[in-house]
Amino acid sequence: MQLNAPLDMHLHLRDGEMLENIATASAHTFSGAIIMPNLVPPVTTKEEVLAYKNRILAAIGDEKFTPYMTLFFNPNYTKEFLASVKNEITAVKLYPAGITTNSEGGVSGFDVEELRPALEALSDLNIPLCVHGETNGFVMDREAEFVTIYEKLATAFPKLKIIMEHITTKESVTALDRFENLYATITIHHLLITLDDVAGGMLKPHLFCKPIAKRPEDRDALLNVALKAHPKVMFGSDSAPHPKHAKEACGCAAGVFTAPIALQLLAELFENHHASIDNLQNFISNNAQTIYGVTPLQKTVILEKKPFMVPLDYHGVVPMYAGEKIAYSIKEVTHT
Ligand code: NCD
Ligand code: ZN
């Protein structure tokens, strides 16, 4: 099975030692990725974007990989500032305040008039807005409740490309078709697991993430659009590494680490559901190229149906399915 120019449209690469340890897990098999800005402190200036990009390029060594950089949204961003940074970024990421890892500086209230200057500037400059769509309501309802905010934003800023990040619910899936300017990323873990896998038996901290995995009917709705490669959905792993001690703790950090096994799991998933390789190609790259208008560097990944034993950890980060066998392996990666 061959995939061309895989793209990960939602990735956490972190910084410092963690970045140095895990960057190649994505850079080896993906042509590029949208890099999340939720560092401590978050990425909010042109200088920080450029410096972070350079640290990423240093961390990936000889791998061929494009980090598509993002800024952490702030309602005070001016059009002048956004225009000055436009060439260095691919998107801006909006977090509701305090909703997930390192999001304390995010938005509260979602008052359209308060957000208007910054969001109109993004719209005019044709910079997509990636959104972590959760309210601070009951944990299972947070994303469905946020759909009304997506609708408000999509209506108020009809030319702004809004990407509903890591969607987990049937409500988000149906919103896609109601608004021309709404798009979505979907993770591999939300296509595979439900809340039962996280907390239905013994608690599985390495499957705990934001948004939390939902109900079987939600997963089915996600599978339906991913397997047919609905043109408005793209793969975004939301691979979010945390050290083992931060996950296996009283107070488990949110985030699932899937970067090294994402393509293998997607190959198996599409095969199990009898979905075509063309659909997988569209889901993993072509849809994202169209939505974002990016031309990724050429990389070809050959996968083979040979069991792969997922390592127990990668430099102290425990991946999804650690110590378990998955059906596909990476056979070869080439680039031109
Ligand atoms: C992410 C992280 O750890 O940075 N965690 C997660 O559970 N997905 C942040 C995020 O994307 O919500
Ligand atoms: Zn994320």
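Any read-out appearing in this document is the output of simple, stated calculations on the displayed coordinates, not a laboratory observation. What you see is a predicted model; the values in this text were computed from it and never measured. Every residue, glycine among them, receives a Cβ derived from its backbone with ideal geometry; neighbour counts consider all protein chains shown.
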Only one of these conditions is not met by Asn272: (1) surrounded by fewer than 22 Cβ atoms within 10 Å (Cβ to Cβ); (2) of a type outside the set (D, E, K, R); (3) out of contact with any helix residue (DSSP H, G or I) (no Cβ under 9 Å at 6 or more places or on another chain); (4) under 17 Å from Thr168 (Cα atoms). Which number is it? (4)
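At positive phi and within 16 Å of ligand 2 (Cβ to nearest atom), is that true of Gly293?
Numbers: at positive phi: yes; within 16 Å of ligand 2 (Cβ to nearest atom): no.
For Gly293, the condition - at positive phi and within 16 Å of ligand 2 (Cβ to nearest atom) - is not met.
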Return the pairs, sorted by first residue and then second, in which the second residue is within 11 Å of ligand 1 (Cβ to nearest atom), the first residue lies in region 88-113 and is charged (D, E, K, R), the beta carbons are less than 6 Å apart, and the residues are 6+ apart or on different chains. Lys93/Pro37; Lys93/Cys130
Name, by its number, the condition in (1) part of a loop (DSSP other than H, G, I, E, B); (2) within 13 Å of ligand 1 (Cβ to nearest atom); (3) among the hydrophobic types (A, V, I, L, M, F, W, C); (4) under 24 Å from Asn126 (Cβ atoms) that does not hold for Ile163. (1)
Filter region 198-219 for residues that are assigned to a helix (DSSP H, G or I) and without any contact (Cβ under 8 Å) to a residue 12 or more places away in the chain and give the result. Ala199, Gly200
Take the residues in region 275-309 that are in contact with a Gly (Cβ under 8 Å, 6 or more places away or on another chain) and touching a residue at least 40 places away in the same chain (Cβ under 8 Å), then tell me which one is surrounded by the most Cβ atoms within 10 Å (Cβ to Cβ). Pro296
Any chance Phe270 is over 18 Å from Thr24 (Cα atoms) and either over 17 Å from the mean Cα position of the chain (by Cα) or in contact (Cβ under 8 Å) with a residue 60 or more places away in the chain (or both): yes
Among the residues of region 187-198, is any over 23 Å from Cys252 (Cα atoms), of a type in the set (Ser, Thr, Tyr) and crowded, with 24+ Cβ neighbours inside 10 Å? no
